[in-house]
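Student: Have a look at this one before I ask anything.
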Amino acid sequence: MSDISILGIESSCDETAAAVVRNGREVLSNVISSQIAIHTEYGGVVPEIASRKHLEKIDEVIKTALTEADCTFHDIDAIAVTYGPGLVGALLVGVAEAKALAWALNKPLIGVHHIEGHVSANYIENKDLEPPFACLIVSGGHTHLVVVKDYGEFEIVGRSRDDAAGEAFDKVARAVGLGYPGGPKIDQAAKSGDPKAIRFPRGEVAGSPYDFSFSGIKSAVLNYINSAHMKEEPINVPDLCASFQESVTDSLVSRSIRLCQERGFTKLAIAGGVASNSHIRARMEEECLKNHIRFYRPSPILCTDNAAMIGTAGYYEFIKGKRDGLDLNAKPNLKLGER
C-alpha cells in the first residue's frame, strides 16, 4: 500500500493550525499560530477576535506546514478539517478554507470531530496503541470517559453533568487573580502548595459512578475565597491551587481506574488540553502502575489544539472510506459520535 498524506486544518477556538501527517502516525509538520497573548488581555477567548485572526493566519500556516513537510498540494491525498464542536465563527474559517482547497485541487474532503482528534493524538507517539482502550478526555469544554471501540468509534461511559474540568480551572484561576489561561497557571502555582491544606469536595454523582461534577468543587473554592475576604484572612494561593487541583485529579483518576478495573481494560489514554496538567499526568501514571494498566498520554504540545491530531483522525476516516461533500458545514455543538 502506498503512503497516504493528509493535510490537517484546525481552527475550532484560538489556535490556527495546519499539519501534514503520513499514514496516520508520522507527523511531517505541525504548525500552530496561537492567539493566547491577544485573548489574555480580555481574560478569555473573544470569539469575534478569534475568527478574524484565523482569517489572517490560515493561508500562512498551511503554506508553512507544506514547506516544513517538504511537499506540495500535489503530494496531499486528502484534506481533513475540524468541523465541530467549537466556536462557530472560528470553525467556519477552517471549513471554508478546506472546502476551497478540496474543490480547487480536486482532493477528498474529510470533516473531523474535534474530540476524536484529541483522542487520535495518542496514536502519533505511541505506535503500538490500537483500539480497544479506555480514554479520559479533559479539555476546556469537555470531560468525557469513553471506551474507544475502534478508530473513530466511541462508547461514552461518563461525562460531566455541569462544568468541564478545564472550565473549572479557568474560573478558579480568575477568582484567585492568576488570570487566563487558568489551567497552566494553576498547575504552576500548585507546585509550591500543599494539596492536603484544604479539603474540597470530590463531586460524586449519585447513581452514576462514571459521571463527573465540577461545579460543586468550583463553588466550594469560591466560597472559601469569599469567606476569607469577609474575615479579612490571608489566602495562601499555592495551597488553594494545589488543594483544588488535587480534588479535580482525584475525581478524574478514580473514575478512569475504576472503568479499567470493571471492564478489564489494560490500556488507558488521556486526551485534551487539561491532559497536559503535570499533576494529573503524574497521578494517573502512578495509579496505572499500581493497577498494571499501560498508560498513554500525548506530549503536552499534542494535548492542546493542533492540526496533527486532525490529520491523524482524518487518515483513519479516509481509509474507512469517509468522504464529505462541499456542503460540509460547521457544527459548534457537535456531540461525540455524531456526524
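The values are calculated or read from the model by the stated rules, or taken from the named source; none is laboratory data. Since we're looking at a predicted model, the values are computed, not measured. All Cβ positions, even for glycine, are placed from backbone atoms using ideal geometry, and neighbour counts span all protein chains on display.
Student: Given Arg174, Arg202, Arg161, which one is farther than 23 Å from Ser256 by Cα, surrounded by fewer than 18 Cβ atoms within 10 Å (Cβ to Cβ) and basic (Lys, Arg)?
Tutor: The conditions single out Arg174.
Student: Being in contact with a Phe, Trp or Tyr (Cβ under 8 Å, 6 or more places away or on another chain) and crowded, with 22+ Cβ neighbours inside 10 Å is the filter here; which residues of segment 95-109 pass it?
Tutor: The one that is in contact with a Phe, Trp or Tyr (Cβ under 8 Å, 6 or more places away or on another chain) and crowded, with 22+ Cβ neighbours inside 10 Å: Val95.
Student: Okay, next question. Condition check: touching a residue at least 60 places away in the same chain (Cβ under 8 Å) and of a type in the set (Phe, Trp, Tyr). Does Phe200 satisfy that?
Tutor: Against the criterion (touching a residue at least 60 places away in the same chain (Cβ under 8 Å) and of a type in the set (Phe, Trp, Tyr)), Phe200 does not qualify.
Student: With segment 177-274 as the region, which helices (runs of 4 or more DSSP H) entirely inside it contain at least 2 residues that are closer than 23 Å to Val147 by Cβ and of a type in the set (A, V, I, L, M, F, W, C)?
Tutor: In segment 177-274, the matching helices (runs of 4 or more DSSP H) lie at 237-263.
Student: Now for a separate question. All but one of (1) over 20 Å from the mean Cα position of the chain (by Cα); (2) assigned by TED's automatic domain parsing to the domain that holds Phe200 hold for Leu326; which doesn't?
Tutor: Checking Leu326 against (1) over 20 Å from the mean Cα position of the chain (by Cα); (2) assigned by TED's automatic domain parsing to the domain that holds Phe200, the one that fails is (2).
Student: Right, another one. Of the residues in segment 50-91, how many are over 19 Å from Pro108 (Cα atoms), touching a His at 6+ places or on another chain (Cβ under 7 Å) and outside any loop (DSSP other than H, G, I, E, B)?
Tutor: Final tally of qualifying residues: 1.
Student: Just one of Ile115, Ile156 is outside the structural domain of Leu240 (by TED's automatic domain parsing) and in contact with a His (Cβ under 8 Å, 6 or more places away or on another chain); which is it?
Tutor: Ile115
Student: Checking Ser208 against (1) surrounded by fewer than 21 Cβ atoms within 10 Å (Cβ to Cβ); (2) at pLDDT 95 or above; (3) touching a strand residue (DSSP E or B) at 6+ places or on another chain (Cβ under 8 Å); (4) not β-branched (Val, Ile, Thr), which single condition isn't satisfied?
Tutor: (2)
Student: Another question, if that's okay. All but one of (1) over 25 Å from the mean Cα position of the chain (by Cα); (2) in contact (Cβ under 8 Å) with a residue 12 or more places away in the chain; (3) farther than 15 Å from Ile186 by Cα hold for Phe212; state the number of the condition that does not hold.
Tutor: Unmet condition: (1).
Student: Another one. Conditions first: (1) touching a helix residue (DSSP H, G or I) at 6+ places or on another chain (Cβ under 8 Å); (2) not assigned by TED's automatic domain parsing to the domain that holds Thr312. Val93 passes all but one, so which condition is the exception?
Tutor: Val93 satisfies every listed condition except (2).
Student: Considering each of Val27, Val112 in turn, give the residue that is buried (at least 24 other Cβ atoms within 10 Å of the Cβ) and either without any contact (Cβ under 8 Å) to a residue 60 or more places away in the chain or at negative phi (or both).
Tutor: Val112
Student: Restricting to segment 282-339, give me the number of residues that are of a type in the set (A, V, I, L, M), surrounded by fewer than 20 Cβ atoms within 10 Å (Cβ to Cβ) and outside any loop (DSSP other than H, G, I, E, B).
Tutor: 4
Student: So, one more: Out of everything in segment 251-281 that is of a type in the set (Ser, Thr, Tyr) and more than 19 Å from Gly182 (Cβ to Cβ), what residue ends up being surrounded by the most Cβ atoms within 10 Å (Cβ to Cβ)?
Tutor: Filtering segment 251-281 for residues of a type in the set (Ser, Thr, Tyr) gives 251, 254, 256, 266, 276, 278.
After this cut, where a residue has to be more than 19 Å from Gly182 (Cβ to Cβ) as well, the list is 254, 256, 266.
Values: Ser254: 15, Ser256: 27, Thr266: 12.
If we take residues in segment 251-281 being of a type in the set (Ser, Thr, Tyr) and more than 19 Å from Gly182 (Cβ to Cβ), then Ser256 is surrounded by the most Cβ atoms within 10 Å (Cβ to Cβ).
Student: Under 7 Å between Cβ atoms, which residue pairs at least 6 apart in sequence (or on different chains) link something in segment 39-56 that is in the same structural domain as Arg174 (by TED's automatic domain parsing) and within 13 Å of Ser12 (Cα to Cα) with a partner that is part of a helix (DSSP H, G or I) and modelled with pLDDT under 80?
Tutor: Pairs found: none.
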